[in-house]
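Notes follow the structure.
We did not get these values from a lab; they are worked out from the coordinates using the rules stated. Nothing here was measured: the structure is a model prediction, and the numbers come from that model. Every residue, glycine among them, receives a Cβ derived from its backbone with ideal geometry; neighbour counts consider all protein chains shown.
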Amino acid sequence: MRMHHDSFVNIPLAVVWMASGYWLHLFESGSWFFGTLLPYIGVAVGGLQIFLLTRKLRRPN
């Protein structure tokens, strides 16, 4: 269970990493719609990542 939770927590990091690279590609291509939308998705996923990490750290071992 613990290993599954750790792998679940690591998924948003990969998503943010891919989204940031994808956003840079779209930004260079001039796609303003995705260029403005993806950063908000990245921030939301990053916020979820921080929330999960703080909840995990606060839990007694």
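Remark: the Ser20-Tyr40 segment gains 6.1 nm on full extension, using 0.36 nm per residue and subtracting the alpha carbon distance.
For Leu13 and Arg55, what is the calculated FRET efficiency with R₀ set at 22 Å and r taken between the beta-carbons, to the nearest 0.05? With a Förster radius of 22 Å, E is 0.90.
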